[in-house]
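Student: A single structure is presented below for examination.
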Amino acid sequence: MYDYLLGGKDNYAADREAVREVVSRAPDTPFMARENRAFLRRAVRFLAASGIRQFVDIGSGLPTQGNVHEIAHQVAPDSRVVYVDIDPVVLTHGRALLAGRPGVAVIQGDARRPDDIMDDPELRKLVDVDRPVAVLMFAVLHFIDDADDPQGIAASLRAAMAPGSYLAISHVTDDFDTGGRVRDAAAAYDSATSQITLRGRTDVLRMFGDFELVEPGLTTLSRWRPDPNATLPPDADRQWCYAGVGRKPG
Ligand SMILES: C[S@@+](CC[C@H](N)C(=O)[O-])C[C@H]1O[C@@H](n2cnc3c(N)ncnc32)[C@H](O)[C@@H]1O
């Protein structure tokens, strides 16, 4: 569904049908997906410029334009990137696309099992967990149901990271949802593989635990360190997705 939202070609008729339903309820969904990718690019550039050389991208999605390794390698060609997704299609496509590329791996993993991800032998070949790492959770934690304890998942990941590591999150919210449009659109995912749980600012902030949020803190997507010449969209303060990057003290 996300690939189709971003204008990609790796999707099925059922995905396209489901996306059309979501877009009929919240017409700015494709724009928000693009803003999420733009946040990903700015965040990874920031992290690489801050000295991070190891990235674990959980819920990475299908390899698409402007991938984490491409951005990180522009800043630091020695960066290592591990893509993790629960979807076997992502694994197949990702491996085909990235075959033979040094310093990049795709593994199948479930965000609900954070310790299995961080202990994965393929991941450990590229990532030294005793050194700072960036764990990226872009647009994935809202697919984790409250019953699966997203706060506990975030806490386990934070605990597994060395001091000086970073956690980057984007997460859909209904904090600015006048009229229930976002809730209605999220409900369109009820019949999809993964359902969406909208969360408010307090819950998303809690996912960072004692990590120190880098400036400008937890914001909407477009408000997080916009490119200097960028014109902010009119809805910049009311977007239905939060964005933030936190650093583990020490
Ligand atoms: C909306 S896409 C986000 C892709 C990318 N992170 C981005 O922000 O552009 C969400 C991805 O999360 C994956 N996903 C959903 N639940 C997951 C889970 N429990 N563990 C790992 N990946 C999951 C889906 O397969 C999908 O590829």
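The values are calculated or read from the model by the stated rules, or taken from the named source; none is laboratory data. Not measured: the values here are computed from a predicted model. As a convention, Cβ positions derive from the backbone with ideal geometry for all residues, glycine included, and neighbour counts pool all protein chains shown. Side chains included, ligands, DNA and RNA excluded: accessible areas come from the protein's heavy atoms. Shrake-Rupley method; radii C 1.70, N 1.55, O 1.52, S 1.80 Å.
Student: With the structure loaded, tell me whether residue 45 is among the basic types (Lys, Arg) and more than 10 Å from the ligand (Cβ to nearest atom) or whether it fails that test.
Tutor: Values: among the basic types (Lys, Arg): yes; more than 10 Å from the ligand (Cβ to nearest atom): yes.
Criteria met by residue 45.
Student: Among all residue pairs at least 6 apart or on different chains, which show Cβ distances below 8 Å where the first residue, located in segment 21-50, is more than 14 Å from residue 67 (Cβ to Cβ) and the second is open to solvent by 60 Å² or more (accessible area, probe 1.4 Å) and part of a helix (DSSP H, G or I)?
Tutor: Hits for this filter: 25/181; 25/184; 26/181; 26/184; 33/2; 49/75.
Every residue, every condition in (1) in a loop (DSSP other than H, G, I, E, B); (2) among the acidic types (Asp, Glu); (3) open to solvent by less than 40 Å² (accessible area, probe 1.4 Å), yes or no:
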{"residue": "186", "(1), (2), (3)": "no, no, yes"}
{"residue": "197", "(1), (2), (3)": "yes, no, yes"}
{"residue": "202", "(1), (2), (3)": "no, no, no"}
{"residue": "225", "(1), (2), (3)": "yes, no, no"}
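Student: Is there a residue being within 23 Å of residue 207 (Cβ to Cβ), touching a strand residue (DSSP E or B) at 6+ places or on another chain (Cβ under 8 Å), at pLDDT 95 or above and of a type in the set (Lys, Arg) anywhere in segment 128-136?
Tutor: Looking through segment 128-136, at least one residue is within 23 Å of residue 207 (Cβ to Cβ), touching a strand residue (DSSP E or B) at 6+ places or on another chain (Cβ under 8 Å), at pLDDT 95 or above and of a type in the set (Lys, Arg).
Student: So which of 54, 65 is touching a Leu at 6+ places or on another chain (Cβ under 9 Å) and modelled with pLDDT of 95 or more? Before the answer, list the steps.
Tutor: Numbers: 65 fails: modelled with pLDDT of 95 or more.
After applying the criteria, what remains is 54.
Student: Where residues in segment 167-181 are within 14 Å of the ligand (Cβ to nearest atom) and of a type in the set (Gly, Ala, Ser), which of them is surrounded by the fewest Cβ atoms within 10 Å (Cβ to Cβ)?
Tutor: 168
Student: Could you list all residues from segment 1-30 that are within 14 Å of the ligand (Cβ to nearest atom) and assigned to a helix (DSSP H, G or I)?
Tutor: Matches in segment 1-30: 2, 3, 4, 5, 15, 18, 19, 22, 29, 30.
Student: In the set 140, 133, 129, which member is of a type in the set (A, V, I, L, M) and touching a helix residue (DSSP H, G or I) at 6+ places or on another chain (Cβ under 8 Å)?
Tutor: Numbers: 140 fails: touching a helix residue (DSSP H, G or I) at 6+ places or on another chain (Cβ under 8 Å); 133 fails: touching a helix residue (DSSP H, G or I) at 6+ places or on another chain (Cβ under 8 Å).
Testing whether each residue is of a type in the set (A, V, I, L, M) and touching a helix residue (DSSP H, G or I) at 6+ places or on another chain (Cβ under 8 Å) leaves just 129.
Student: Quick check on segment 144-166. Is at least one of its residues within 13 Å of the ligand (Cβ to nearest atom) and within 24 Å of residue 9 (Cβ to Cβ)?
Tutor: No, there is no match, as no residue in segment 144-166 is within 13 Å of the ligand (Cβ to nearest atom) and within 24 Å of residue 9 (Cβ to Cβ).
Student: Report the residue count in segment 77-128 for those that are over 19 Å from the mean Cα position of the chain (by Cα), within 15 Å of the ligand (Cβ to nearest atom) and closer than 13 Å to residue 55 by Cα.
Tutor: 0
Student: Something else now. Would a scan of segment 38-46 turn up a residue that is over 18 Å from residue 242 (Cβ atoms) and either open to solvent by 30 Å² or more (accessible area, probe 1.4 Å) or among the charged types (D, E, K, R) (or both)? Before you say what the answer is, go through the steps one by one.
Tutor: Going residue by residue through segment 38-46, those that are over 18 Å from residue 242 (Cβ atoms) are 45.
So of that shortlist, the ones also either open to solvent by 30 Å² or more (accessible area, probe 1.4 Å) or among the charged types (D, E, K, R) (or both) come out as 45.
Checked against the condition, which is being over 18 Å from residue 242 (Cβ atoms) and either open to solvent by 30 Å² or more (accessible area, probe 1.4 Å) or among the charged types (D, E, K, R) (or both), segment 38-46 yields at least one hit.
Student: May I ask you to list the residues in segment 125-147 that are over 22 Å from residue 250 (Cβ atoms) and surrounded by fewer than 14 Cβ atoms within 10 Å (Cβ to Cβ)?
Tutor: Step one: list which residues in segment 125-147 are over 22 Å from residue 250 (Cβ atoms), which gives 125-126, 138-147.
Selection gives 125, 145, 146, 147.
Student: For segment 90-122, name all the residues that are over 16 Å from residue 79 (Cα atoms) and assigned to a strand (DSSP E or B).
Tutor: The answer is 107, 108.
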